[in-house]
Every structure is written in C-alpha cells, then in structure tokens.
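All remarks here apply to the structure that follows.
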C-alpha cells in the first residue's frame with residue numbers, strides 16, 4: 001500500500017515539475033515533457049503499480065475532457081464545416097481501419113486479419129486531447145480549428161465502434177456490413193439521446209433547487225462534474241456510445257440563455273477555475289500514462305528474441321506513414337471535388353490539407369482502445385498492443401516536429417499604449433488626491449503598485465531584444481544587491497531584522513524580471529542562491545539563539561542600516577552600469593541609473609522601509625479601491641472616445657475585477673511575517 005502511495009505522489013509531483021519546466025523552457029511542448037516523464041516513471045517501475053484500466057480511463061479521464069470540449073465547442077463553426085468533420089469521423093476512420101489492418105497482417109501474417117483490423121480501429125481516430133495540446137502553440141485558421149474540434153469530439157466513438165465490430169469478427173468469425181451499419185447508427189443515436197436526457201435532467205434538478213430557494217454554488221458544480229460520468233456509464237450500460245453521450249451532454253449543458261444574476265456569475269467564475277485545473281490535471285495524466293504504458297508494453301516485446309527489432313521498427317514506421325498518407329489522400333480527393341465544384345484552384349486548399357493531415361495525431365485513447373482486447377486475445381497477440389503504443393507515440397512526435405514547419409506560430413500582438421496611458425492617468429489622479437491628505441502612505445503604496453504595472457506593460461511593449469537587455473541588466477542589479485546584503489550581514493553591519501526587510505525588497509526586484517527574456521539557468525541560479533542564503537541565515541540565527549550566543553547584532557536602527565546599505569550598493573551598481581556603456585543600450589542604462597537615483601532619494605527620506613512593510617502587510621485597501629474606481633472610469637472614457645477597442649476594454653475590466661477581488665480577500669494571513677518580526681525582537 002505504501003509502495004502504491006509513493007508512486008501516486010511521484011506521479012502527481014511529475015505533473016507539477018513538468019509544468020514548471022514548460023514555463024521555464026516554453027519552446028519545449030508540455031505534452032512531450034510529460035511523455036518523457038512517463039517513460040522515466042515506467043523505467044522506475046510505475047507501470048507495475050499504476051496500471052491503465054481502459055474502461056475507467058475512458059470514463060474518468062477522456063469522458064470529462066470531451067465533456068468540457070463539448071461545452072466550449074463552437075457548434076456553429078462545426079456545423080458550418082460539417083461535411084469535412086463527417087468525412088474525417090467516419091470514412092477516414094473506417095478506411096484507415098481496413099488499410100492499417102491489411103498492412104499489419106502483411107508484416108505479421110500469423111496475426112489474424114480481424115485482429116489487425118482491431119489494431120487499425122484503435123489507430124483510426126485522431127486523439128482530441130493530443131490535438132488540443134499541440135494546437136495551443138499554433139495559430140490555426142478558424143475553419144481548421146472548427147474541423148479538428150468536431151472531429152475530436154466524435155471520432156473516438158466511431159473508432160471504438162469499429163473496434164468492437166473487429167473484435168466480434170475475431171471471436172465469432174462472422175461479419176455483416178449491414179449489421180455493422182445498423183449497430184453504428186443505434187450506438188450513435190442512442191448515445192446522443194442519453195446525453196440529451198442527462199443534460200435535461202440536470203437542468204430539471206437545478207430548476208427545482210431554484211424554485212425552493214436552495215441554490216448552491218458548490219452543489220451546482222458537483223452536479224456538473226458528475227454529468228460526464230453519469231452520461232458515460234448510463235450509455236455504456238445500455239450498450240450505446242458513451243463518448244457521444246458525454247459530448248452531447250457537454251454541448252447541451254453550455255446551450256441556453258445567459259442569465260445575469262449574482263449566483264450565475266459566481267458559478268461561472270468558480271466553474272472556469274475548477275475546470276481549468278481539472279482539465280490540466282487530466283490532460284497531464286493522459287500524456288504521463290502514454291509514456292508509462294509505452295515503456296511497460298514495449299520493453300517485453302523488444303527484449304523478446306522471437307521478434308526482430310528491425311522488422312518491428314519498419315512496421316511502426318510503415319503504419320505511421322499509412323495513417324498520414326490515407327488521411328492526406330482522402331482529404332485531397334475531397335478538396336479536389338470541392339475545388340472543381342466551386343470552380344477554384346486546388347492549390348488554395350493545399351495548406352488546409354497539410355494542416356489537417358499532420359494534426360491527425362494519435363494519443364492515449366488508442367492505447368486504451370487496444371487494451372479493450374479480450375484477455376485471451378491480448379495474451380496471444382501482445383504484438384498488437386506494442387504496435388498500437390509505438391505508432392501512437394511516433395505519430396504524436398511526428399505532429400510535434402512537422403506542425404511547427406507548416407503551421408503559423410501564435411504571435412501575441414502587443415499594443416499596450418492605451419493601457420499605459422490609462423494607468424498613467426490613474427497615477428496622476430492619485431498623486432493629486434494624495435497631496436490633500438496628511439498620511440500619504442496608503443496612496444504611496446497604491447501608486448507604487450500602479451507604477452509596477454506600468455513598467456511591466458512598457459517592457460512588454462518593447463522589442464524582444466530590448467526587453468532581453470533590460471532584464472539582463474536587472475538580473476545584474478539583483479546579484480549586486482544580494483552580494484552587498486550578504487557582505488553587510490556577514491560583517492555584522494546590519495541586524496537580522498534589517499536583513500529580512502531588505503530580502504523582501506530583493507523579492508520585489510526579482511518579480512520585476514521577466515525571466516523568459518534572460519537565461520533561464522542564470523535566473524534560476526540567482527534566485528536559488530538567494531533562497532539558500534536566506535534559509536542558511538535563518539537557521540544560523542535560530543542556532544545562535546538556542547545556544548544563547550549573541551554573536552550577531554540583534555538590535556539596531558533598521559532605517560539607518562538600510563539607508564547605509566542601499567547607498568553602498570548604489571555606488572557599486574552605478575559603477576557597474578557605467579562600465580557597461582557601449583555593450584548595452586545606452587537609454588536602458590540611463591533609465592536604470594536615473595531610477596536608482598530616484599529611489600535613493602526615497603531612501604534618504606525614510607519612507608523606503610515603510611513601503612516594503614506595506615507590501616508585505618497591505619493596509620491601503622481604501623486607496624486601492626479608489627485606484628480601481630479611477631481605472632474603470634478611464635477605461636470607459638477611453639473606450640467611448642475610440643482610443644480603446646471593445647476587446648481591450650473587456651480585457652482590462654477583467655484585470656481590474658480580478659485585482660479588486662484579490663484586494664478585498666480577508667483571508668490573507670500574515671502569520672509568517674508576524675513570526676519573523678517576533679523572532680527579530
């Protein structure tokens with residue numbers, strides 16, 4: 001039991017670590033990182049403990065993901081391109097099933113043709129989760145996105161149905177095309193009916209709760225989370241398509257009139273957060289299991305002397321090529337017909353054909369499907385499971401390698417000019433108001449907050465080269481500040497209290513560095529070094545207190561110590577920046593030097609320490625609310641004057657709403673800060 005718990009902990013830790021790696025190195029696709037982690041976990045023996053149960057995998061992982069895809073799907077776009085979607089969902093899947101089966105049987109004639117058709121059926125459908133993960137990195141045309149979404153929602157069902165008929169032919173030796181067509185229709189229509197009934201029942205329950213004034217956000221979300229499970233298991237129990245039931249339930253759940261009420265707003269906000277987390281976890285589980293299952297399945301076959309590894313390699317390559325070639329040929333014939341019918345040139349459709357072809361990657365659903373083989377068949381023909389897993393991974397890697405070449409990368413068009421102007425107006429208004437009050441600390445802290453937001457927007461507005469240089473210089477300043485702090489503390493020039501206060505200032509400086517524009521290793525090393533030094537200094541201080549040895553200064557004037565330390569570091573930083581003239585942009589160096597001199601004036605006035613404390617223990621709620629009011633006011637004015645687009649205004653309002661909700665959060669704890677302050681006394 002403990003052994004299993006250990007692997008479960010490692011499994012979920014891998015989800016977190018893979019996401020962190022992707023954030024530090026965004027050019028590496030997250031699914032690829034997770035597949036590699038899965039392979040490592042498999043090599044560690046996780047495959048012996050964390051076994052993939054295909055029925056539960058489809059119900060608890062793929063079902064909820066497809067349900068959410070159905071909720072978010074652009075149904076109008078899918079219907080508009082319905083013919084292309086139907087082509088990929090049915091003819092392409094069935095043709096792929098037959099051709100892959102024939103080729104597989106030619107490579108290994110000892111495997112019955114019906115079993116090879118089962119292999120083809122498992123590899124026929126495009127994996128919606130894999131496509132969704134890959135497409136996040138590219139700017140697909142809307143028509144391509146709509147087609148891929150529609151295909152991903154429905155073709156799992158067609159693939160599983162084809163697989164079931166192949167297994168029926170394998171176990172009984174009989175196959176009827178008429179019976180298969182009737183069975184397919186019943187399964188699809190029955191699944192859709194179940195999905196509709198489940199969605200209708202959910203709405204009925206919610207209406208009853210509303211009638212008796214028993215509305216509850218938590219209860220609403222729990223009902224939504226169990227809907228895909230209920231739809232899937234009910235459909236499977238009635239021997240119809242659980243996948244189609246889940247998709248229809250999701251589509252129906254999202255349809256209807258939008259009610260503007262406080263309850264619906266609370267549900268919407270919480271639902272997005274919960275589903276975002278659930279979707280990320282389930283997607284990550286899919287790719288981790290892909291790596292684990294590949295390692296578990298492939299290793300015994302590769303080590304088996306009965307199979308020639310080179311022949312296995314050729315078979316996998318041939319099957320992967322077949323998947324893409326079949327898809328390309330069918331799509332080419334279809335678009336050639338469309339071009340001829342519309343009197344257009346075929347060449348205008350080539351890009352669409354290539355994008356749709358190489359987006360047809362396979363995923364863990366293919367492995368889960370082939371694992372549905374009856375146990376006796378799976379034991380006898382374990383080669384089929386190996387081929388399904390290997391082809392799945394190779395097709396996925398092919399998509400990762402080819403799509404960046406043929407698909408336009410996502411380019412974030414940054415236009416922060418209007419945003420910067422609005423925030424600058426807010427700062428000007430706050431400064432004007434602060435001049436009329438005696439205690440300006442709350443206003444100063446609020447203005448600092450807005451100045452930090454303005455700086456981030458300015459950095460984002462500049463070119464990548466300029467931003468990279470700016471952040472590299474900031475990293476240099478952070479290092480010099482840290483070295484000066486450690487030297488002063490080591491030479492007993494400052495107290496531990498001063499050390500901790502200055503560390504909070506360095507933390508704010510660290511947050512201002514956009515680390516994707518500097519060396520990720522350099523950034524990580526600098527932050528790691530600062531964290532280690534902070535921990536060691538606190539451990540050392542606790543040991544000194546325990547031994548009753550007062551070696552370090554425990555009392556002192558923190559303001560004067562911070563002032564002296566800051567001025568000492570300023571002299572070093574100004575010299576370092578001056579020596580870099582001619583290497584870095586002169587305007588950037590002048591800006592950093594002038595900012596350093598400006599903050600030195602603040603330090604000299606004695607307000608520096610209060611600003612740091614106010615950021616750790618914010619007590620400027622009234623001033624922040626005033627700032628948010630002014631921000632909304634200027635957003636409305638700029639939009640009315642046409643300076644700000646409706647889309648930009650919508651984004652800015654969402655930002656203000658999120659910041660306001662967070663600022664009004666009364667559950668924020670300052671326990672750690674209070675503890676450190678107590679220790680320093």
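For the range 277-434, I need the span (max minus min coordinate) of the C-alpha atoms along each principal axis, in Å, sorted largest to smallest.
Extents along the principal axes: 83, 52, 27 Å.
Can you tell me how the range 393-493 classifies by the Cα gyration tensor, rounded, prolate or oblate, using a/c under 1.5 as the rounded cut? Working shown, then result.
Numbers: a/c = 3.35, a/b = 1.48, b/c = 2.27.
Judged from the Cα gyration tensor, the range 393-493 comes out oblate (a/c at least 1.5, b/c at or above a/b).
With everything on Cα atoms, drop me the angle between helix 113-123 and the longest principal axis of the chain, reported from 0 to 90° to the nearest 10.
Result, in degrees: 30.
Please arrange 252, 574 by counting, for each residue, the other beta carbons lying within 10 Å of its beta carbon, fewest first.
574, 252
Return the Rg/Rh value of the range 87-133, two decimal places, where both radii are evaluated on C-alpha atoms and Rh is the Kirkwood radius.
1.08
If eta is 0.890 mPa s and T is 25 °C, what Stokes-Einstein diffusion coefficient results for the range 370-448, Kirkwood Rh from Cα pairs, in µm²/s? Display every interim value, and only then the final one.
Working: Rh = 19.1 Å.
Diffusion coefficient, whole number: 129 µm²/s.
Let me have the relative contact order for the chain, percent, based on Cα pairs under 8 Å that are six or more residues apart.
Value for the chain: 15 percent.
When 575, 156, 564 are ordered from fewest to most other Cβ atoms inside 10 Å of their Cβ, what list results?
Working: 575 11, 156 33, 564 16.
Arranged by neighbour count, lowest to highest, 575, 156, 564 become 575, 564, 156.
Of all alpha-carbon pairs in the range 1-157, indicate the percentage at a distance above 23 angstrom.
Working: 6725 of 12246 pairs.
The share of Cα pairs beyond 23 Å in the range 1-157 comes to 55 percent.
Cα gyration tensor of the range 271-326, axes a ≥ b ≥ c as square roots of the eigenvalues: rounded (a/c below 1.5), prolate (a/b > b/c) or oblate? Intermediate values should be presented prior to the final figure.
On the way: a/c = 7.64, a/b = 1.99, b/c = 3.84.
Oblate.
At 222 nm, what value in deg cm²/dmol follows for the chain if DSSP H runs of at least 4 each add -39500 (n - 2.57) and the sum is divided by all its residues, to the nearest 500?
Counting only the DSSP helices, I get -26500 deg cm²/dmol.
Angle between the Cα long axis of helix 382-406 and the longest principal axis of the chain, 0 to 90 degrees, nearest 10?
Approximately 50 degrees, to the nearest ten.
Would you calculate the convex hull of the Cα atoms in the chain and tell me its volume per residue in Å³?
233 Å³
Sort the range 164-315 into rounded, prolate or oblate with this rule: let a ≥ b ≥ c be the square roots of the eigenvalues of the Cα gyration tensor; rounded if a/c is under 1.5, and if a/c is not under 1.5, prolate when a/b is larger than b/c, oblate otherwise.
Cα axes put the range 164-315 in the oblate bin.
Show me 390-400, 193-203 ranked by packing, highest mean number of other Cβ atoms within 10 Å first. Numbers along the way, then the final one.
Working: 390-400: 23.2, 193-203: 19.8.
The densest-packed peptide leads the list: 390-400, 193-203.
Take 96, 126 and order them by how many other Cβ atoms sit within 10 Å, fewest up front. Each step should come with its number before you reach the end.
Working: 96 25, 126 29.
Ordered from fewest to most neighbouring Cβ atoms within 10 Å, 96, 126 come out as 96, 126.
Calculate how steeply helix 63-72 sits against the longest principal axis of the alpha-carbon atoms of the chain, using the helix alpha-carbon long axis, and give the answer as 0 to 90 degrees to the nearest 10.
70 degrees
Values in this text are rule-based calculations from the coordinates and carry no lab data. Being a predicted model, the structure only gives us computed values, none of them experimental. Heads up, the Cβs are rebuilt from the backbone with ideal geometry, glycines too, and the neighbour counts pull from every protein chain shown.
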